[in-house]
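Notes to accompany the following structure.
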Amino acid sequence: MTEDVTLMKGNEAVAYAAIRYGVDGYFGYPITPQSEIIETLMEAAPWKTTGMVVLQAESEVAAINMVYGGAACGKYSMTSSSSPGISLKQEGISYLAGAELPCLIVNVQRGGPGLGTIQPSQSDYFQTVKGGGHGDYRLITLAPNSVQEMADFVSLGFDLAFKYRNPAMILTDGV
């Protein structure tokens, strides 16, 4: 018995999992180390087969507000970013949580607060699990330990977000 195996990076796995799950809209802005997600989606061109909207916004703030619009319409909407980009999205994330709008956010963390060392990299974790924006809210947080889990957590993240009417975040490492 032969088994087909495809090797890919975690960011690619997230992109293909979003297509397979039937995500209606991905709204992002390029920032390393997560730029491969939007690049993979652009190469795959899911709008031709599934109708998925893939849009590069003019900023991180615009991207999260596009997610808000899609989620408010009941669509499966997602975005991704990295540490400083997630900080820029905090106001929009808190609005999503306050309005009880399900969506998926992927944070491909850097090893420090934008540039740096290993010690401050916990800042993304604390920002996610303790509520990073306005109000008293928490995000559903998934932390994959493999490329396979990165793919699996796209569907799990959406399922949990819609079940509990709350944004979900995949919190992964950019290595």
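The values are calculated or read from the model by the stated rules, or taken from the named source; none is laboratory data. Just so it is clear, the structure is predicted and the values come from calculations on it, not from any experiment. Every residue, glycine as well, gets a Cβ built from its backbone with ideal geometry; the counts of neighbours run over all protein chains shown.
Contact list please: Cβ distance under 9 Å, first residue in the stretch 12-26 and at negative phi, second residue of a type in the set (K, R), pairs at least six apart or on different chains.
Here the result reads V23/K75; D24/K75; G25/K75, each pair linking the stretch 12-26 to a residue that is of a type in the set (K, R).
Going by what's in this entry, would S87 be described as of a type in the set (S, T, N, Q), in contact with a helix residue (DSSP H, G or I) (Cβ under 9 Å, 6 or more places away or on another chain) and within 23 Å of F162 (Cβ to Cβ)?
Numbers: of a type in the set (S, T, N, Q): yes; in contact with a helix residue (DSSP H, G or I) (Cβ under 9 Å, 6 or more places away or on another chain): yes; within 23 Å of F162 (Cβ to Cβ): no.
Spelling it out, it is not the case that S87 is of a type in the set (S, T, N, Q), in contact with a helix residue (DSSP H, G or I) (Cβ under 9 Å, 6 or more places away or on another chain) and within 23 Å of F162 (Cβ to Cβ).
If I filter the stretch 19-34 for residues that are touching a Pro at 6+ places or on another chain (Cβ under 9 Å) and more than 22 Å from Y95 (Cβ to Cβ), do I get at least one hit?
Yes - at least one qualifying residue is present in the stretch 19-34.
For the stretch 12-34, how many residues are in contact with a Lys or Arg (Cβ under 8 Å, 6 or more places away or on another chain), in a loop (DSSP other than H, G, I, E, B) and modelled with pLDDT of 95 or more?
The qualifying residues number 1.
Hey, E149 hits all of (1) farther than 17 Å from E91 by Cα; (2) at pLDDT below 95 but one; which does it fall short on?
(2)
Show me the strands (runs of 3 or more DSSP E) found entirely inside the stretch 40-146 where at least 1 residues are over 14 Å from the mean Cα position of the chain (by Cα) and either crowded, with 20+ Cβ neighbours inside 10 Å or modelled with pLDDT of 95 or more (or both).
53-56
Specify which of the listed residues (I31, I19) is of a type outside the set (S, T, Y), more than 18 Å from E149 (Cβ to Cβ) and crowded, with 17+ Cβ neighbours inside 10 Å.
I31
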